[in-house]
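Report on the structure given below.
The values are calculated or read from the model by the stated rules, or taken from the named source; none is laboratory data. All figures in this text were calculated on a predicted structure; none of them were measured in a lab. No Cβ is skipped: glycine too gets one built from the backbone with ideal geometry, and neighbour counts run over all protein chains shown.
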Amino acid sequence: MDLNGKVILVVGGAAGIGGATVALCAARGATVVAADLDEAQGRQTAAQAGASFIQVDVTDEASVQALARQVEQEHGRVDVLIQTAGILLGAYTPIEELSAETFEKVWRVNVTGTFLCLKYTTPLLKRSSKAVVLLFSSPAANLPSSSYAYGASKGGVQAFGIAAAQKLGEAGIRVNLIAPGGIDTGMKRSVIAEDARRRGTDYDKAIASSNLGAPEGVAKVLAWLASDDADYVRGLVATR
Ligand SMILES: NC(=O)c1ccc[n+]([C@@H]2O[C@H](COP(=O)([O-])OP(=O)(O)OC[C@H]3O[C@@H](n4cnc5c(N)ncnc54)[C@H](O)[C@@H]3O)[C@@H](O)[C@H]2O)c1
């Protein structure tokens, strides 16, 4: 599909699913801005893709505001916001041992971060004739998660995205939620490592038997959803 002429902001674009999405959207002709907390990895990913990079901490309102301001100065609008930034902490931690600090940290990145990114890019999305927002839920929103904190946060993002789809839909902005299956990224590998550690099993064997999908596979779905070809898609999209 053709993404020529589109300005695409990928938050969480340094690595994992976001990193693969930066590369694919740029290869398909979009002007891509990658934003992430991890400046070193983000700059490398963006440079390889021919994208630009802006550092952001999605938990910091002033930082997200500054990101939106810089994108406005450089591009004037956003056609597609892809918000992949997220963390998973507390995998397999019993509830009696899970700290409120960990719970709130996960919530702050995954839910408040998603809210802040959408809040400050909405004025720029409203300048696009075919604006699209892609937010990250997870099967963990509807099925038991390894982490109380992560499962709760993805339920939060899902409810937030459903509200946004209806409200921003009235302004012509198409909002979709994405729920990938197990994808081979740093986040997923750290959960598998934690599971192997607590069971005393072999990490490499656990990875091999996990049948993880490639981040590039999800990136293909995201690039299609960002394109005009997907203009009839509404709601939650599950991927491998
Ligand atoms: N990998 C999977 O199997 C899987 C499954 C379902 C859902 N997801 C969701 O997909 C999205 C991408 O996950 P991934 O697997 O690519 O993870 P990842 O850890 O590989 O990448 C996440 C990116 O978010 C960035 N980030 C973290 N905190 C940030 C902050 N405060 N501000 C800005 N950037 C920040 C990281 O630096 C990193 O580049 C997440 O929302 C995740 O919950 C992943």
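Among the residues making up the range 102-141, those that are over 17 Å from GLU61 (Cα atoms) and among the polar types (S, T, N, Q) are THR102, SER128, SER129, SER137, SER138. Scan the range 214-230 and give yes if some residue there is more than 11 Å from the ligand (Cβ to nearest atom), acidic (Asp, Glu) and in contact with a Lys or Arg (Cβ under 7 Å, 6 or more places away or on another chain), otherwise no. Checked against the condition, which is being more than 11 Å from the ligand (Cβ to nearest atom), acidic (Asp, Glu) and in contact with a Lys or Arg (Cβ under 7 Å, 6 or more places away or on another chain), the range 214-230 yields at least one hit. Filtering the range 182-229 to residues that are without any contact (Cβ under 8 Å) to a residue 40 or more places away in the chain, of a type in the set (A, V, I, L, M, F, W, C) and either more than 27 Å from GLY90 (Cα to Cα) or assigned to a loop (DSSP other than H, G, I, E, B) (or both) leaves only LEU212. Would you be able to say whether some residue in the range 16-35 is more than 13 Å from the ligand (Cβ to nearest atom), of a type in the set (Lys, Arg), surrounded by fewer than 22 Cβ atoms within 10 Å (Cβ to Cβ) and modelled with pLDDT of 95 or more? So far as the range 16-35 goes, yes, one or more of its residues are more than 13 Å from the ligand (Cβ to nearest atom), of a type in the set (Lys, Arg), surrounded by fewer than 22 Cβ atoms within 10 Å (Cβ to Cβ) and modelled with pLDDT of 95 or more.
Residues in the range 163-175 that are touching a residue at least 60 places away in the same chain (Cβ under 8 Å) and surrounded by fewer than 19 Cβ atoms within 10 Å (Cβ to Cβ): GLY169 alone. Of VAL78, VAL11, all but one fail to be surrounded by 24 or more Cβ atoms within 10 Å (Cβ to Cβ), closer than 17 Å to VAL133 by Cβ and within 12 Å of the ligand (Cβ to nearest atom); the exception is VAL11.
Taking residues in the range 8-27 that are under 16 Å from ASP38 (Cβ atoms) and assigned to a loop (DSSP other than H, G, I, E, B), and partners anywhere that are among the charged types (D, E, K, R) and more than 10 Å from the ligand (Cβ to nearest atom), the pairs with Cβ atoms closer than 9 Å and at least 6 places apart or on different chains are ALA14/ARG43.
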